[in-house]
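Structure, as structure tokens:
The values are calculated or read from the model by the stated rules, or taken from the named source; none is laboratory data. As the structure is a prediction and not an experimental result, all values here were calculated from the model. For neighbour counting, all protein chains shown are included, and Cβ atoms are generated from backbone atoms with ideal geometry for every residue, glycine included. When the accessible area is computed, the model is the full protein with side chains, heavy atoms only, and any ligands, DNA or RNA have been set aside. Shrake-Rupley method; radii C 1.70, N 1.55, O 1.52, S 1.80 Å.
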Amino acid sequence: MTTILEALRDNPYPGRLILLARTLNGELTAAYALTGRSEASRARRIELTVSGELTVVPVGATGHDSLRHYVAATADERWAVYGNGEQVTEVAARLAKGLAPAGALEDLGYEPDPPICTPRITAVVDRVGHRAWFGAARRPDGQRESADTTVVALGDLAPGQAVVLSTYQSDGDTVSTARRHLDLSTAAQDADALLAELWSALDSRFLVAATAFAPITGVQGPIRHA
């Protein structure tokens with residue numbers, strides 16, 4: 001099986017990515033990473049709020065930009081949700097109202113940032129049932145401007161298995177939107193090791209920030225910044 005390092009070596013600029021793994025200690029472990037090319041994209045941090053949410057915030061005097069600054073992860077007693085934009089809060093609200101994950105991940109739009117039209121990617125983890133879903137809202141390859149939404153109900157992960165979904169498939173110069181999730185392997189023992197593995201696999205030219213955490217128990221792992 002392809003490793004995290006091998007997958008990201010073939011995709012030096014993944015944009016933003018969501019990852020879910022079963023680390024070797026048996027724990028379901030999530031990760032979220034930011035990469036960037038522009039000055040504005042690189043001037044960001046991941047911060048943990050007092051309420052336990054992970055937020056992507058600007059560095060310095062940069063003003064708020066809803067496409068770059070958002071709640072990246074949030075949780076209640078039943079659901080943990082993380083992803084690359086303001087849809088994270090929307091999906092969490094839908095789940096809180098009783099919508100099933102597949103329904104909560106539908107009818108989302110891609111980002112209004114032509115010509116790339118960055119996908120909105122979102123992970124939902126059932127903290128009680130220990131199940132997970134990945135959702136992606138993308139602009140189609142053709143002329144349609146309406147979003148296509150895919151929702152994948154992930155099967156059980158064995159220790160050493162991971163699933164990753166990125167916004168881009170890119171060499172850093174030419175950017176295409178990623179079209180599917182990847183099944184990968186990890187040698188990480190725990191959240192700290194998973195973040196270290198992911199961080200070392202990301203291209204240093206585009207590194208911004210990344211974090212890992214346990215969506216079932218709610219334990220926050222380390223946060224790294226370039």
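Residues in segment 130-142: is at least one open to solvent by 20 Å² or more (accessible area, probe 1.4 Å), of a type in the set (Phe, Trp, Tyr), in contact (Cβ under 8 Å) with a residue 12 or more places away in the chain and not in a strand (DSSP E or B)? There is no residue in segment 130-142 that is open to solvent by 20 Å² or more (accessible area, probe 1.4 Å), of a type in the set (Phe, Trp, Tyr), in contact (Cβ under 8 Å) with a residue 12 or more places away in the chain and not in a strand (DSSP E or B). Summed over segment 97-126, the residues that are surrounded by 14 or more Cβ atoms within 10 Å (Cβ to Cβ) and touching a residue at least 12 places away in the same chain (Cβ under 8 Å) give a count of 20. If you go through segment 72-79 one residue at a time, do you hit one that is among the acidic types (Asp, Glu), touching a residue at least 12 places away in the same chain (Cβ under 8 Å) and in contact with a Ser or Thr (Cβ under 9 Å, 6 or more places away or on another chain)? So far as segment 72-79 goes, no, none of its residues is among the acidic types (Asp, Glu), touching a residue at least 12 places away in the same chain (Cβ under 8 Å) and in contact with a Ser or Thr (Cβ under 9 Å, 6 or more places away or on another chain). One residue stands out in segment 53-93 among those that are open to solvent by 50 Å² or more (accessible area, probe 1.4 Å) and modelled with pLDDT of 95 or more: the one that is nearest to PRO215 (Cα to Cα), namely ALA75. Put simply, of LEU48, LEU19 the only residue that is crowded, with 20+ Cβ neighbours inside 10 Å and either of a type outside the set (S, T, N, Q) or without any contact (Cβ under 8 Å) to a residue 60 or more places away in the chain (or both) is LEU19.
Is there a residue being touching a strand residue (DSSP E or B) at 6+ places or on another chain (Cβ under 6 Å) and either surrounded by fewer than 19 Cβ atoms within 10 Å (Cβ to Cβ) or of a type in the set (A, V, I, L, M) (or both) anywhere in segment 200-207?
No, because not a single residue in segment 200-207 is touching a strand residue (DSSP E or B) at 6+ places or on another chain (Cβ under 6 Å) and either surrounded by fewer than 19 Cβ atoms within 10 Å (Cβ to Cβ) or of a type in the set (A, V, I, L, M) (or both).
Considered as a group, the residues in segment 24-45 that are more than 17 Å from the chain's Cα centre (by Cα) and farther than 20 Å from HIS69 by Cβ include one that is least open to solvent (accessible area, probe 1.4 Å), and that residue is GLY26.
Only a single item in (1) of a type outside the set (Val, Ile, Thr); (2) touching a Pro at 6+ places or on another chain (Cβ under 6 Å); (3) not in a loop (DSSP other than H, G, I, E, B) is not met by SER200, and it is number (2).
Considering (1) among the β-branched types (Val, Ile, Thr); (2) in contact with a strand residue (DSSP E or B) (Cβ under 8 Å, 6 or more places away or on another chain); (3) without any contact (Cβ under 8 Å) to a residue 40 or more places away in the chain, the lone condition that THR167 does not fulfil carries the number (3). Just one of the listed residues (ASP183, ASP156, ASP190) is crowded, with 16+ Cβ neighbours inside 10 Å, modelled with pLDDT of 95 or more and either under 19 Å from ARG37 (Cα atoms) or among the acidic types (Asp, Glu) (or both), namely ASP190.
Table: residues versus (1) touching a Pro at 6+ places or on another chain (Cβ under 8 Å); (2) among the aromatic types (Phe, Trp, Tyr); (3) farther than 30 Å from VAL59 by Cβ.
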site: PRO114; (1), (2), (3): no, no, no
site: ILE121; (1), (2), (3): no, no, no
site: GLY129; (1), (2), (3): no, no, yes
site: ALA136; (1), (2), (3): yes, no, no
site: ASP141; (1), (2), (3): no, no, yes
site: THR149; (1), (2), (3): no, no, yes
site: ALA196; (1), (2), (3): no, no, no
site: SER204; (1), (2), (3): no, no, no
site: ARG224; (1), (2), (3): no, no, no
